[in-house]
1. How high is the relative contact order of region 126-231, given as a whole-number percent (alpha carbon pairs under 8 Å, six or more residues apart)?
2. Please work out the ratio of the alpha-carbon Rg of region 239-381 to 2.2 N^0.38 Å and round it to two decimals.
3. Taking a label point 7 Å from the Cα of GLU8 along the Cα→Cβ vector, which residues of region 67-99 have an amide N closer than 12 Å to it?
4. Would you mind telling me the share, in percent, of accessible area of region 126-231 contributed by carbon and sulfur at probe 1.4 angstrom?
5. Name the lysines eligible as straight-distance cross-link partners of LYS146: C-alpha to C-alpha under 24 Å, and not fewer than 8 places from it in the same chain.
6. Once you keep just the Cα pairs under 8 angstrom separated by 6 or more residues, what percentage relative contact order results for the chain?
7. For region 126-231, report the translational diffusion coefficient in µm²/s to the nearest whole number, using Stokes-Einstein at 25 °C, 0.890 mPa s, and a Kirkwood Rh over Cα pairs.
8. Keeping all protein chains in place, calculate the accessible area per residue for region 239-381 (probe 1.4 angstrom), answer in Å².
Amino acid sequence: MDFSLTKEQHQLIEMVEDFARNEVAPLTREMDENQTFLPPGVWKKMADLNLLASYVPEEYGGLGLSAMDILITRQAWARGGGCLGSLLSWGASDGIGTVGILKHGNEQQKKKYLPGIVSGDLISCFALTEPDSGSDAFNMRTRAVKKGDHYVLNGTKMFITNGPICDIGIVLAVTDPSKGPLGISAFIFEKDFPGFSRGKKIDKMGMRSSPTSELIFEDCIIPEENLLGGEGMGALVANTTLHWERTGMGFAIGTMEYNLNLCKEYALQRYQFGEPIGNFQAIRHRLAEMKIDIEAAKYLFYRMAWLIDTNQIPAILDTSVCKAFLSKALVKNADAAISIFGGYGVCSEYPVQRSYRDAKIIEIGGGTYDIQLNMIATAIVGPRQKVKKKYSG
Ligand SMILES: Cc1cc2nc3c(=O)[nH]c(=O)nc-3n(C[C@H](O)[C@H](O)[C@H](O)COP(=O)(O)OP(=O)(O)OC[C@H]3O[C@@H](n4cnc5c(N)ncnc54)[C@H](O)[C@@H]3O)c2cc1C
């Protein structure tokens, strides 16, 4: 494994980190308070800098960049002070809202939708979760019934990132209830399809710059050419997407680095008992532990990117280990940052409190921490065995 970066990659990192520092970081407090996504002008500049869906092949408007390029770019964005919420929505559009089209779409679908996502004209989303099915995602209620040359969808999707702002999206629905997960299909919907509407924006404690809502499909008409990958392929589309999402969460390493940089500066300039708090072992050890987690997370995620870029498919175990480790490390990092800042850490003018609120959500989205542990345990000891319990009294 070789994780050394090229000159071009270093230039890319520098460009993105500067952009985030100058154009995004000054907006993050307002975005967080008002629960708004990046302004359209900033989104457009990101498209002009070829930052959106840049892994998409050139024939569909992208740059065909590597998994490592994507990882280091988004890490740089977060390290420069770009908030996790904007990264979540960015990734929901050009990651989980796109990868299903790229990997399972036909030529017509790719040509119709991918260039718009790359140019920033289309914001996408991925709609799997429902009010009554989260971790048990394939136990969904949304139904799609074929009628002539279209499908009629009925159901509600819950917690959908970019729900309030999406132009298109991928939605999962049951087409054959007798087949379990093999009876689930995926569709590309557009915001103007009859019968589609959005629920009201969900008011969240964190990731507030990432708009979230319910999506409602009420006798929604989806043309048959928008079926993705054929009937019954929905679970495969969803698994490809979730695998991608967990790998993509490496962006949060940049937030851990951003917090460490803030803490380092603060520890050197904040004096108590006549000396900088960075002299105290309690503070120094917190900084050291933050660094350990950053380095460990980097190697886990860089290895994942290396596997993808060398055409090896990361195992479910690999992505679950990455996601589980990162989510806990991020929460621990944000917690340490608040402690180092003391009372100022909980004040809204200091960004560490936002990281703390945002971090918890990384533990939940894309499959909770518990679900990742379940998958890791299954890879170790196999599925849970059915046993007949004998009671002796
Ligand atoms: C901000 C945000 C953005 C999101 N964006 C999207 C999106 O864009 N698209 C989308 O489809 N979904 C999205 N989600 C939904 C997310 O994927 C789900 O919230 C997540 O999968 C958990 O589902 P749930 O919230 O229904 O919790 P539940 O599944 O009800 O879980 C509740 C608790 O039970 C535990 N639990 C459940 N089952 C098991 C088990 N078998 N073993 C051990 N513990 C278990 C969980 O770990 C958790 O602690 C988003 C969620 C949030 C909060």
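The values are calculated or read from the model by the stated rules, or taken from the named source; none is laboratory data. Remember, predicted model here, so these are calculated numbers, not experimental data. All Cβ positions, even for glycine, are placed from backbone atoms using ideal geometry, and neighbour counts span all protein chains on display. Note: accessible area is taken over every heavy atom of the protein model, side chains too, but ligands, DNA and RNA are not part of it. Shrake-Rupley method; radii C 1.70, N 1.55, O 1.52, S 1.80 Å.
1. Over region 126-231, the number comes to 32 percent.
2. That works out to 1.17 for region 239-381.
3. 69
4. It is 50 percent, rounded to a whole number.
5. Of all the lysines, those that pass the test against LYS146 - Cα under 24 Å, at least 8 places apart if same chain - are LYS103, LYS110, LYS112, LYS157, LYS179, LYS191.
6. For the chain, the relative contact order is 17 percent.
7. 178
8. With the other protein chains kept in place, region 239-381 gives 47 Å² per residue.
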